[in-house]
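Asks: Structure in structure tokens, see below.
Quick note: the coordinates plus some simple rules give every number you see, no bench work behind them. Remember, it's a predicted structure, so these values are computed and weren't measured experimentally. Note: ideal-geometry Cβ built from the backbone for every residue, glycine included; neighbour counts use all protein chains shown.
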Amino acid sequence: MDNMQVVGDGAPFTRLIDLEQLEENLYRGTCHPGAPLTAFGGHVAAQSLIAAGSTVPEERTVHSLHGYFIRPGRTDRPIVYQVDRTREGSSFTTRRVVALQDGETIFSLSASFQRPETSQEHQVGMPEAPQPGDLIAGSGPEEEAERAIFQGSLETRRVTELREDSGNARAPQQKMWVRVVGELPDVPLVHACALTYTSDVRLASTAYLPFSGDSTAPRMASLDHAVWFHRPFRADTWLLFTMDSPSFSSSRGLTRGQFFTQDGKLVASVVQEVLIRRRRS
């Protein structure tokens, strides 16, 4: 099956994962910036996942992905995604993807897909938070910068307010509601790609919140990123993204996140390690 045919032209996000198939197991795309001339990591991960999923039967859905950011990706050159069909099991399918730019690996991804099964269930409770309809879109510098970066593909509502008294430390945790703008096709892989893209929004900065009173903005770079998909969901409906950071040391911060539907279902979890260094004056 070639899922490239089901991306479509609906929601603005679908354009971000629209890859050109060069030949079997080989795709090409371009990524928008997360910083000047540096590709947004969530975009690279989402394109890697759509490339991997395009080689998997549609009835098998992704349940986990693990990626390493190896080199910064440039936004003025295409990225080639090479898929390795690692394993075809009776219940699970495994794929590896290498993202290449100018002959060098910039990102690697392992993804596992599962044939749906029924089983017993349990989950943690959803944290308390006002509903997105009770919040308004932020108008601060961070929100304005995000809107420029994400090209109208995402809508967010911050739950945890930024503090104006920058001299005081903040706890390394925050929450926001997020959804893809427009209606996505009824293809689970596309929704998984949208959540993968979204999972890189504000997650890294959570680790630096206790030090946010510093006068100089830090340099941040994601080192690795993992997502586990627990239950079906739609990324074009509001999801509560809760984030926290249990540790920061050696310039590396560990951050965790969970995605909940408005009715409280836990649909995905994410963990990322980020490199954060203070800029030299």
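Asks: Using label points projected 7 Å from each Cα along Cα→Cβ, tell me how many nm separate R71 and R279, to one decimal.
Replies: Here the answer is 2.5 nm between the modelled labels.
Asks: Taking the Cβ of H225 as the centre, find all other residues whose Cβ is under 9 Å away and add up their charges (Lys, Arg: +1; Asp, Glu: -1). All intermediate terms of the calculation are to be shown ahead of the outcome.
Replies: Numbers: positive: none; negative: D200, D224, E273.
Summing Lys and Arg as +1 and Asp and Glu as -1 gives -3.
Asks: So for L195, L184, L275, fewest C-beta neighbours within 10 Å to most, what's the order? Intermediate results must be reported in sequence, preceding the final value.
Replies: Working: L195 25, L184 22, L275 17.
In order of increasing Cβ crowding within 10 Å: L275, L184, L195.
Asks: Further question on the same structure: Using 1/(1 + (r/R0)^6) with R0 = 22 angstrom and r between the beta carbons of Q262 and S91, what's the FRET efficiency to the nearest 0.05?
Replies: Details: r = 31 Å, r/R0 = 1.41.
Once rounded, the FRET efficiency stands at 0.10.
Asks: Can you pull out the trypsin sites (Lys or Arg not before Pro) in segment 181-260 whose DSSP state is coil and whose Cβ has at most 12 other Cβ atoms within 10 Å? Provide the component values of the computation, followed by the final result.
Replies: On the way: sites: R202, R219, R234, R252, R256; in loops: R202, R234.
Passing sites in segment 181-260 do not exist.
Asks: Related question: Quote the charge dipole size of the chain about the Cα centre in Debye, to the nearest 20; the model charges only the Cβ of Lys and Arg (+1) and of Asp and Glu (-1). Working shown, then result.
Replies: Details: 29 positive and 34 negative charges, 189 e Å.
Roughly 900 debye, rounded to the nearest 20.
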